[in-house]
Amino acid sequence: MDESGKEEEEDSTFTNISLADDIDHSARILYPRPKSLLPKMMNADMDVDAENQVELEEKTRLINQVLELQHTLEDLSARVDAVKEENLKLKSENQVLGQYIENLMSASSVFQTTDTKSKRK
């Protein structure tokens, strides 16, 4: 610390070793700090772990999306089959009703065709 009570900024690549028992900053000698590979390896491992975690989360998200889409497709296929069955049923009912209406029309005198020439004679 300097006289104002603030810590002096030091180069992070050097370690201060005091030559005296008292804290006299003027008597310090700067020695190079041995560089450790451990933080770099840990950072690399953390980067790999973070990348693996991101990849795992992305794969999980994609798998869940695929499963959801498969369920949606199954639901839509079932709905299409139900609509096809209903359509066939309605067509059949329409044919029956059409035949019934034709029979009623042919039995009714209102819908009979008249031969106007034969009635005049």
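Accessible area of Val96 (1.4 Å probe, protein heavy atoms only, ligands and nucleic acids ignored): about 100 Å².
What is the extension gain from Gln95 to Val48, computed as 0.36 nm multiplied by their sequence separation minus the C-alpha to C-alpha distance, in nm to one decimal?
Details: separation 47, 0.36 × 47 = 16.92 nm, distance 6.93 nm.
Extra length from Gln95 to Val48 when fully extended: 10.0 nm.
The mean of 1/r over all distinct Cα pairs in segment 43-97, once inverted, gives the Kirkwood hydrodynamic radius of 14.9 Å.
Summing charges over all other residues whose Cβ lies under 13 Å from the Cβ of Leu76, with Lys and Arg as +1 and Asp and Glu as -1, gives -2.
The values are calculated or read from the model by the stated rules, or taken from the named source; none is laboratory data. Keep in mind that what you see is a predicted model, and the values were worked out from it rather than measured. Reconstructed Cβ throughout: ideal geometry from the backbone, glycine too, with neighbour counts over all protein chains shown. The protein model used for the area step is the full one, side chains on, heavy atoms only, and it has no ligands, DNA or RNA in it. Shrake-Rupley method; radii C 1.70, N 1.55, O 1.52, S 1.80 Å.
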